[in-house]
Amino acid sequence: MNVHFSSRKNDWATPWALFRHWDAVQGPFSLDVCASAENAKCERYFSPEQDGLAHAWDGVCWMNPPYGRAIGRWIGKAAAEVRAGRARRVVCLIPARTDTIWWHEYIMPRGVVHFLRGRVRFEGALYPAPFPSAVVVFT
């Protein structure tokens, strides 16, 4: 496995071109629900210290969650925030892990899936990701 995609890192910055495309198609985004000052795509964002899982989301949200074990919690939160009417829409850049429990529990019944062609090259990465990605929209 390429060291740039080792399991020691699970926060991969969204490429600006990919974000701008989805912002034009599904935005404008008003909140990046899990970001840092270095990789936030929206003026408003929840940092790891703020923990976006602990707050209500609003407006049209962008989400590129940490790709570790907690990803299912992020996907569940995205679906729940839209279902509760707090967020109008949540657009998620995620690994296309169609064999996972969270994919079947949250995405299959509620998300609109857009599989991305090729592999995403995340900001700062030397090589494309070793996994396929999808953009999932919860409305």
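Just so you know, all these numbers are worked out from the coordinates, no wet-lab data involved. In this text the structure is predicted, and so the values were computed from the model without any measurement. Please note: Cβ atoms are built from the backbone with ideal geometry, for glycine as well, and neighbour counts cover all protein chains shown.
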**OP:** Tell me the GluC sites (Glu not before Pro) within region 47-110 that lie in a loop according to DSSP and have at most 15 other beta-carbon atoms within 10 Å.
**Re:** Glu49
Subject >> Residue exposure sequence - Trp16, Trp62, Trp57, Trp22 - by fewest surrounding Cβ within 10 Å >> reply: Trp16, Trp22, Trp57, Trp62
Subject >> Approximate spin-label separation Phe131-Ala24, in nm, with each point projected 7 Å along Cα-to-Cβ >> reply: 2.9 nm
**OP:** Enumerate by residue number the trypsin sites (Lys or Arg not before Pro) in region 49-139 meeting two conditions: DSSP loop (anything except H, G, I, E, B), and at most 16 other Cβ atoms within 10 Å of the site's Cβ.
**Re:** Arg69, Arg86, Arg117, Arg119, Arg121
Original post:
Rounded to the nearest 5, what is the percent of antiparallel bridges among the DSSP beta bridges in region 31-138?
Top reply: 60 percent
